[in-house]
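The values are calculated or read from the model by the stated rules, or taken from the named source; none is laboratory data. What you see is a predicted model, and the numbers here were worked out from it, not measured in a lab. Counting neighbours? That spans all protein chains shown, and the Cβs are built from the backbone with ideal geometry, glycine included.
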Amino acid sequence: MSVWNYVVTAQKPTSVTHSCVGNFTSPQELNLIVAKCTRIEIHLLTPQGLEAILDVPLYGRIATLELFRPHGEAQDLLFIATEGYKFCVLQWDSESSELITRAMGDVADRIGRQTDNGQIGIIDPDCRFIGLHLYDGLFKVIPFDNKGQLKEAYNIRLEELQVLDIKFLYGCAKPTIAVLYQDNKDARHVKTYEVSQKEKDFVEGPWSQNNLDNGADLLIPVPSPLCGVLIIGEETIVYCSANALKAIPIRSSITKAYGRVDVDGSRYLLGDHAGLIHLLVITHEKEKVTGLKMELLGETSIASTISYLDNAVVFIGSSYGDSQLIKLNMQPDASGSYVEIIEKYVNLGPIVDFCVVDLERQGQGQVVTCSGAYKDGSLRIVRNGIGINEQASVELPGIKGIWSLKSSIDDAFDTFLVVSFISETRILAMNIEDELEDTEIEGFLSQVQTLFCHDAVYNQLVQITSNSVRLVSSTTRQLRNKWDAPAGFTVNVATANASQVLLATGGGHLVYIEIGDGTLTEVKHAQLEYEVSCLDINPTGDNPNYSQLAAVGMWTDISVRIFVLPDLTLFTKEQLGGEIIPRSVLLCALEGISYLLCALGDGHLLNFQLDTSTGELRDRKKVSLGTQPITLRTFSSKSATHVFAASDRPSVIYSNNKKLIYSNVNLKEVSHMCPFNSGAFPDSLAIAREGELTIGTIDEIQKLHIRTIPIGEHARRICHQEQTRTFAICSLRNQPSAEESEMHFVRLLDDRDFEFLATYPLDAFEYGCSILSCSFTDDKNVYYCVGTSYVLPEENEPTKGRILVFVVEEGKLQLVAEKETKGSVYSLNAFNGKLLAAINQKIQLYKWTLRDDGTRELQSECGHHGHILALYVQTRGDFIVVGDLMKSISLLIYKHEEGAIEEIARDYNASWMTAVGILDDDTYLGADNCYNLFTVKRHSEAATDEERCRMEVVGEYHIGEFVNRFRHGSLVTRLPDSETSQIPTMIFGTVNGVIGVMASLPQEQYAFLEKLQTSMRKVIKGVGGLSHEQWRSFKNEKRSADARSFLDGDLIESFMDLSRRKMEEISKGMDVQVEELYKRVEELTRLH
Amino acid sequence: MWQAIQARETGRTPSNSFANRLKSRRISSLQLSNRKDFVSPHRGSVNSLQVDLTEGRYLLSGASDGSAAVFDTQRATDSEASSGLIAKHKCVFSVDKGHEHGHKFAVSSAVWYPIDTGLFVTGSFDHLIKVWDTNTAQAVVDFKMPGKVYRTAMSSLAMSHTLIAAGTEDVQVRLCDIASGAFSHTLSGHRDGVMSVEWSTSSEWVLYTGGCDGAIRFWDIRRAGCFRVLDQLVTQLGVRPPILKHTAVNSKVSAEKSSSGGKNRLKNQHGKHTGSQNMKGSSSTKASVEKSRQKRLHPGMLSTLDRATAHYGVVTGLKATNDGMYLLSAGSDSRIRLWDTQSGCNTLLNFETGRLQTSKAIQLATSDDPALVFVPCMKTVKAFGMWSGRTTLMFRGHYESVNTCCFNSTDQELYTSGADRQILVWSPGGSVEDEMVQNEEVTEDKDNWSD
């Protein structure tokens, strides 16, 4: 049943691969365009910083991103080439704020072999040609005509087979390229060629330079008037042109990125592999180059791209750490650095490993990733939902309600916190030491339970108890007026705002009171047929103190009604259906849309769009938030209004793009909440839960939350141990000066504060390859097992490794056993109370045996051969799924009777694996080297031996991402009664920092969504005219095939962002109501 | 290895170059496999080998005893073999003289239908080409040829035709259409039998043929006649024709251009540069001038004028490189030549072949990473660097002369066969080590039990 899969991105790619700067959106505006592998972001440079204008997905992996300006154009055009040999030229349409495609095409060839060193795409500075180096030995030219339109492309044979870089030179009468290449003796040279348009061939260029630095792999063309080219090597930098040659030695470094500072090209920023940023200056007298100068500026993230924006502000795009916006100062700071980091942009990539844990033990998964590389390595805790950061808490059991009050209506801060208990009311206030202490408001009753409190106009406070409504002056704190419930009736529920009170007494009496200056006027009384269960008069209109509408939830007929104030005339009545009474109603306006929210006693929430003029309730939607009654309350954060739903699974409801999003809060059971904005705790919430009152601030309201634990070294493998509440990681630290450049460690971290608890250094040349927390048969301890490999410089294939078994004792790693292996231990799995290791070509099973002296050791039991390299192993029961380096997936079984491991089936395709997962007993998932996902299925019931031994490929899909790891789990809380809870999901992490979710859908749902996907392909056009169908079709070196059994969740969920007109178009094509479609898509969004 | 995997994990090494580097390392360690063995059912010299193009899994062989056989390269027939002994791969099935449709004489060529493994084609000295249904092992189509069939080929790219190109004793090359069961083309030009045929790897319409007359002809099957005859004396040094001189000093060239035109001009310039070629240079100029004129005049009439040869003697083997840019040829003059298919020039690469078989067609193979050419050199097979011509690997194992090499790029394995009736497997090294490890484990296990 796990054949029908739905793939969706929970975290978009974050690794920045390309960036460029130019006047793209208008001739006057300066834009930064950032490519994150499969996404393009367009930013506008403003005095306040970078402002995001557009973020769009591209149906391809970006290989080249260049801005250029053809003759006669006032602003720049964007040229994009993809790794799939498609290219497009995009233009900004300022009227619709959209990208329009000026030109597009396919530059794939039958001839030639794909370049090993990556595709090169360059544009002649005078816009005569686009040059592409895609295949060894071929240089493709796309000429521009006089009007700036592209003409037919042609290939020119290139003599150099190992091309490292090609750039167009400035200031040449004929378009000229400089080619940096390596000959077959591994020496590096630069040659120049003129491109002759007439001959469609090369003409010998003006100069060449032989025998360069062996590490030279980057060319920087220098603009006019200097012209020429800079050749960046590992030990030297050479300036070269037809009539000058200047070189300077540099400290050994590998330059990864450059950015030009001046238009005349006299200064450049160079970013190296260690994250150091240098300024390279070409000194010149007029047009004559006199020398080069290099100066260290400081340290940033390891740059993959550098874009100089303006006024010494530079964008550093990184694939290994967070991207940064930096400012280059004129004067160095105390540490001698000229670099000041202004802003950071989170990057999770490369995610080499991760684990799914439930640290708060609330049934919600969190992902802890090994992110970044080298010095920028970090652990990132990625979690769905919103965090409350606890600031203070007091033990106060039995809270029945809390409200915050101001000492005057104009006061910016709240002063009092009214806490109601079953038979008393306590008032807390902040004292001078910023502590909460008991205080009194004389006019309030403190010996009874408070039903509601609110600030009122004219510096008054209102308290509603079961017998009375009391109006108190907030300055004198004396009672000013009082309304008593009629004899024989008690107030059951009540609500108020600054100028109105609505309460209901037993017998269905609804009383409406208006607050004046020292007066309480009973304006209206209504008799309803049933008892009132909840009510609300939260103002949603223009007047923040007065509400035109009242919402009332009813017992018995289970309905919610809207009354018009002050007359209490019935506007609308909506039957809720079911047998559960509404327990809380709320009127609110989010992003300018009025909603009526109605929470039921069983944790369900209904929401309606409310037309405030007609009282009409539309777009009824029902979601399940928890299992206990919900209390709704609004609060604001960053000047936007949100709704807090307190229950056993507290949630925040907020609006994004005019749609409601439910995000859970990382707290267990919250009974009551009120906003509490005090001087000591600005923008905080007071939360009543589990016998205590907590004051805390709330995270930024967004879906995924990422917490960074920088560790300054490169974490490679991670695993969590529930019992000891620790994480263990295998990491490596680069040591620039020491004899051995890398040191490898096993480190133990606390899972709450992520502090290093202990470190076990590995031997010289020993790498940690795999890590596992497991326990063994007949041993109650839990252990960390670490598989290592001795990587000796002279060996191709490691022939020695170790399996280390640690136990955590008092927060320390204690080595209890070690076993030498004949190869590197690529993978470790717990297997039937034993340890299953993948060692080079072999799968080996170890048992945990007791020696005579009472110590334990690993003893090999049996093994299985027949792999090229068994890199990725997963187990389920007695089954072992092996992802081979280059021979796809094979399935092994452990036979207990014989004590042997045998192969029972395999996929005979030649997929180079990067990760494997087990979907169910018969279906397995693989990710390959060519960015595909595929599923294979075993036919255990097949008639012939041949069919039983062969796994059938049942699903294929191009994900366009390099997947490093699959893990079972979910980022969201699964409620037992919601529809999505039955859907098994897997999480994956990729090199570009994508966290994705793969869900196995029931077949009917899959079929429905497949139809929707097909319809959406017709309506949503890809950027640059690229086809979604082609993008998602499976492709490797040998073949390509349409995607099957996989759906693109990102495309399907973009339905919710479409305009109503487009939704209707799709709904018509599908013959399904828009509302129905919307509902089904919304359900899916709750998978992640 | 672990470092390479780490570099791939972090995105430092692009995944394709990771794969290429690894393949290249595996290929350079090719050695006679001690884990895999094909049990040859053939009782005669094995003349043809091909791995299927879709799965890269099934090996088809054709032999002089009139038999053809299919082997599974992945799965050993002997299940016991997985316990560490040499895995035996018996043929899945074979068709021989005993078969009701079997060939009467030697099978000279056996090729797979490129689209799937449902069909394969055999050509025989009994003048027949047969198309076989793999699943039933029955011949479904017969083509009667005018003489012994030396070589058959199908285009791996073809999307719009299902043509078998056949080189026979006859001077004409025939294209047999499986769809209709009839000849669709007869290509005239060669003046002797055609020993080798090869489809282009860049265009489904282009066919290369090598004849016993020493000529290699290029055909575009959409047009009449051949469009190019390779001349061993028209040369270029390196991977492409020389670069045009800088325009400032180009007046002489442009004057010459009016007489010879296009790319040919470059070649004779080159001829002048390369000393020893100087004498022949003039004749090549003439030939190419004639050729280009002829091309313009009447492509179909070319053969009467052009007597250019690619080899002295018989062209015994042709192999187009996977990138579609070059063609390798083997001749009875014991030479391997590498041709630039775009310019038609001989690249003057000197492959250290020693002696080659002269009387039979031989089958060459290439690999991409590193760029190697596998050539049967009498009893050995040599691998030459594509751009150095130097012998990088030498495979000794056959007892008689080797006829064919077939490289399986999915597994990086080389299959060779020869007159000794064997099909040998050469696989990447490292498995020896593996063997040792295993033996040790076995003894270790015994120790445990004996305790």
Given the criterion of a type in the set (Asp, Glu), more than 23 Å from A:Ile33 (Cβ to Cβ) and within 14 Å of another protein chain (Cβ to nearest Cβ), identify the matching residue among A:Asp353, A:Asp333.
A:Asp353
Wholly enclosed strands (runs of 3 or more DSSP E) of region A:674-790 bearing at least 2 residues basic (Lys, Arg)
A:714-721
Have a look at A:Thr634, A:Thr614 and point out the one that is in contact with a Leu (Cβ under 8 Å, 6 or more places away or on another chain) and surrounded by fewer than 21 Cβ atoms within 10 Å (Cβ to Cβ).
A:Thr634
As an exercise: evaluate A:Glu579 against (1) in contact (Cβ under 8 Å) with a residue 24 or more places away in the chain; (2) farther than 30 Å from A:Ile698 by Cα; (3) assigned to a loop (DSSP other than H, G, I, E, B) and give the number of the one condition it does not meet.
(1)
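One line per residue, one yes/no per condition, for (1) surrounded by fewer than 22 Cβ atoms within 10 Å (Cβ to Cβ); (2) under 44 Å from the mean Cα position of the chain (by Cα); (3) more than 23 Å from A:Ser613 (Cα to Cα):
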| position | (1), (2), (3) |
| --- | --- |
| A:Glu522 | yes, no, yes |
| A:Ala526 | yes, no, no |
| A:Leu535 | no, yes, no |
| A:Thr540 | no, yes, no |
| A:Asn543 | yes, yes, no |
| A:Tyr546 | yes, yes, no |
| A:Gly553 | no, yes, no |
| A:Ile562 | no, yes, no |
Whether any residue in region A:96-104 is surrounded by fewer than 22 Cβ atoms within 10 Å (Cβ to Cβ), hydroxyl-bearing (Ser, Thr, Tyr) and within 30 Å of B:Gly385 (Cα to Cα) is what I want to check.
no
Within region A:241-250, residues farther than 14 Å from A:Leu279 by Cβ and not in a strand (DSSP E or B) come out as A:Ala242, A:Asn243
Of the numbered conditions (1) over 17 Å from the mean Cα position of the chain (by Cα); (2) within 14 Å of chain B (Cβ to nearest Cβ); (3) among the acidic types (Asp, Glu), A:Glu1064 satisfies every one except a single condition; which is it?
(2)
Output the residues belonging to region A:180-199 that are of a type in the set (Asp, Glu) and surrounded by fewer than 19 Cβ atoms within 10 Å (Cβ to Cβ).
A:Asp183, A:Asp186, A:Glu199
Taking region A:30-42 on its own, how many of its residues are more than 20 Å from A:Met104 (Cα to Cα) and over 19 Å from the mean Cα position of the chain (by Cα)?
3
Complete set of residues in region A:911-925 that are within 14 Å of chain B (Cβ to nearest Cβ), touching a residue at least 40 places away in the same chain (Cβ under 8 Å) and of a type in the set (A, V, I, L, M, F, W, C):
A:Met913, A:Ala915
Subset of region B:132-156, residues in a loop (DSSP other than H, G, I, E, B), surrounded by 19 or more Cβ atoms within 10 Å (Cβ to Cβ) and among the aliphatic types (A, V, I, L, M), comes to B:Met145
Mind checking which residues of region A:373-427 are in contact with a strand residue (DSSP E or B) (Cβ under 7 Å, 6 or more places away or on another chain), aromatic (Phe, Trp, Tyr) and farther than 30 Å from A:Asp353 by Cβ?
A:Trp403, A:Phe416
Select, from B:Glu413, B:Glu440, the only residue that is closer than 30 Å to A:Leu858 by Cα and either at pLDDT 90 or above or at the interface with chain A (Cβ under 10 Å from one of its Cβ atoms) (or both).
B:Glu440
Which of (1) in a strand (DSSP E or B); (2) of a type outside the set (D, E, K, R); (3) in contact with a Phe, Trp or Tyr (Cβ under 7 Å, 6 or more places away or on another chain) is the odd one out, the single condition B:Gly214 does not satisfy?
(1)
Test: A:Leu132 is within 23 Å of B:Ser202 (Cβ to Cβ), out of contact with any Leu (no Cβ under 8 Å at 6 or more places or on another chain) and buried (at least 21 other Cβ atoms within 10 Å of the Cβ)
yes
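A quick yes/no check of all residues on (1) among the hydrophobic types (A, V, I, L, M, F, W, C); (2) facing chain B (nearest Cβ under 9 Å); (3) under 13 Å from A:Val786 (Cα atoms); (4) not in a strand (DSSP E or B):
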site	(1), (2), (3), (4)
A:Glu820	no, no, yes, no
A:Tyr826	no, yes, yes, no
A:Ala830	yes, no, yes, no
A:Leu836	yes, no, yes, no
A:Gln844	no, yes, no, no
A:Thr849	no, no, no, no
A:Asp852	no, no, no, yes
A:Glu857	no, no, no, no
A:Glu861	no, yes, no, no
Only one of A:Ile177, A:Ile166 is under 19 Å from B:Lys245 (Cβ atoms) and buried (at least 20 other Cβ atoms within 10 Å of the Cβ), namely A:Ile177
Does region A:864-878 contain any residue that is of a type in the set (Val, Ile, Thr), away from chain B (no Cβ under 12 Å) and assigned to a strand (DSSP E or B)?
yes
So, in region A:304-321, exactly how many residues are closer than 23 Å to A:Gln11 by Cβ, at pLDDT 95 or above and not hydroxyl-bearing (Ser, Thr, Tyr)?
3
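Kindly indicate which of A:Asp411, A:Asp376 is acidic (Asp, Glu) and within 14 Å of chain B (Cβ to nearest Cβ).
Step by step, each of A:Asp411, A:Asp376 is checked, and only A:Asp376 is acidic (Asp, Glu) and within 14 Å of chain B (Cβ to nearest Cβ).
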Counting only residues in region A:924-966 that are more than 17 Å from A:Trp4 (Cβ to Cβ) and among the hydroxyl-bearing types (Ser, Thr, Tyr), the one surrounded by the most Cβ atoms within 10 Å (Cβ to Cβ) is identified as A:Tyr931
Matching residues in region A:909-967 - criterion: being touching a helix residue (DSSP H, G or I) at 6+ places or on another chain (Cβ under 7 Å) and assigned to a strand (DSSP E or B):
A:Tyr957, A:His958, A:Asn964
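For every residue, the table says whether it meets (1) within 14 Å of chain B (Cβ to nearest Cβ); (2) out of contact with any Phe, Trp or Tyr (no Cβ under 7 Å at 6 or more places or on another chain); (3) of a type outside the set (Gly, Ala, Ser).
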| residue | (1), (2), (3) |
| --- | --- |
| A:Cys37 | yes, yes, yes |
| A:Leu54 | no, yes, yes |
| A:Leu58 | no, yes, yes |
| A:Asp76 | no, no, yes |
| A:Ile100 | no, yes, yes |
| A:Asp106 | no, no, yes |
| A:Gln114 | yes, no, yes |
Do the conditions hold for B:Val51, that is, is it at negative phi, more than 10 Å from every other protein chain (Cβ to nearest Cβ) and surrounded by fewer than 20 Cβ atoms within 10 Å (Cβ to Cβ)?
no
So which helices (runs of 4 or more DSSP H) stay within region A:988-1088 end to end and still have 1 or more residues that are closer than 30 Å to A:Asn607 by Cβ?
A:1003-1019, A:1049-1053, A:1060-1070, A:1074-1085
Only one of (1) more than 30 Å from A:Arg1039 (Cβ to Cβ); (2) within 14 Å of another protein chain (Cβ to nearest Cβ); (3) buried (at least 23 other Cβ atoms within 10 Å of the Cβ); (4) among the hydroxyl-bearing types (Ser, Thr, Tyr) does not apply to A:Ser890, and that is (1)
